[in-house]
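What follows is one structure encoded as structure tokens, with my remarks underneath.
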Amino acid sequence: FQDFIVDSGSLHMLGPAHFQVQECLPGLECSFNDFRGYGLQDGQRLMALAECAAGDGVFGFPYAGISNGATKDGMRFGWGDGGTGRVFQSLLTNTPGGVYRLC
């Protein structure tokens, strides 16, 4: 790689850290304060899906699986009415257990 000898800058890859594990329980509010990433911002959203970019949000999550807008510098997420507030709603008591993707 002798052709690449001049340092011309940095590349900042914005986005969530991979392989995070969060836990929610049916019938209870689903929110977390420790979502990690680089360049996260308030107002960004997550969607709970079986597979990213495919299908509908997970049954039982408020607002079709789409979170409220993030707060706390993009680290706090929760599911409610899809707004920007911190008022979160409980998951349905019959939300199926499983491992879902945060997309």
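The values are calculated or read from the model by the stated rules, or taken from the named source; none is laboratory data. Note that the structure is predicted; figures quoted are calculated from it, not measured. Using ideal geometry, Cβ is built from the backbone for each residue, glycine included, and neighbour counts are taken over all protein chains shown. To get the accessible areas, we keep the full protein, side chains included, count just its heavy atoms, and leave off ligands, DNA and RNA. Shrake-Rupley method; radii C 1.70, N 1.55, O 1.52, S 1.80 Å.
Based on what the data block shows, is L92 more than 10 Å from the chain's Cα centre (by Cα), under 19 Å from L25 (Cβ atoms) and open to solvent by 60 Å² or more (accessible area, probe 1.4 Å)?
yes
Out of all the residues in region 64-89, which are without any contact (Cβ under 8 Å) to a residue 24 or more places away in the chain, open to solvent by 30 Å² or more (accessible area, probe 1.4 Å), over 24 Å from G39 (Cβ atoms) and not charged (D, E, K, R)?
A64, V87
Looking at region 46-62 only, could you name the residues that are open to solvent by 70 Å² or more (accessible area, probe 1.4 Å) and either within 19 Å of V21 (Cβ to Cβ) or touching a Phe, Trp or Tyr at 6+ places or on another chain (Cβ under 6 Å) (or both)?
A50, E51
Of the conditions (1) touching a Lys or Arg at 6+ places or on another chain (Cβ under 7 Å); (2) at pLDDT 95 or above; (3) not aromatic (F, W, Y), R36 fails just one. Which one is it?
Failed condition: (1).
Tell me which residues, restricted to region 28-45, are open to solvent by less than 20 Å² (accessible area, probe 1.4 Å) and either charged (D, E, K, R) or within 18 Å of V87 (Cβ to Cβ) (or both).
Taking region 28-45 and keeping what is open to solvent by less than 20 Å² (accessible area, probe 1.4 Å), we get 30, 32, 35.
Listed by number, the residues that qualify are C30, F32.
Give me the pairs, please: first residue somewhere in region 14-25 and free of Cβ contacts under 8 Å to residues at least 24 places away in the same chain, second residue anywhere and open to solvent by 90 Å² or more (accessible area, probe 1.4 Å) and part of a loop (DSSP other than H, G, I, E, B), beta-carbon distance under 7 Å, and either six or more positions apart or on two chains.
Partner pairs satisfying both residue conditions: A17/R36.
Given the conditions (1) touching a helix residue (DSSP H, G or I) at 6+ places or on another chain (Cβ under 7 Å); (2) open to solvent by 80 Å² or more (accessible area, probe 1.4 Å); (3) of a type outside the set (D, E), report the number of the one that H18 does not fulfil.
Every listed condition holds for H18 apart from (1).
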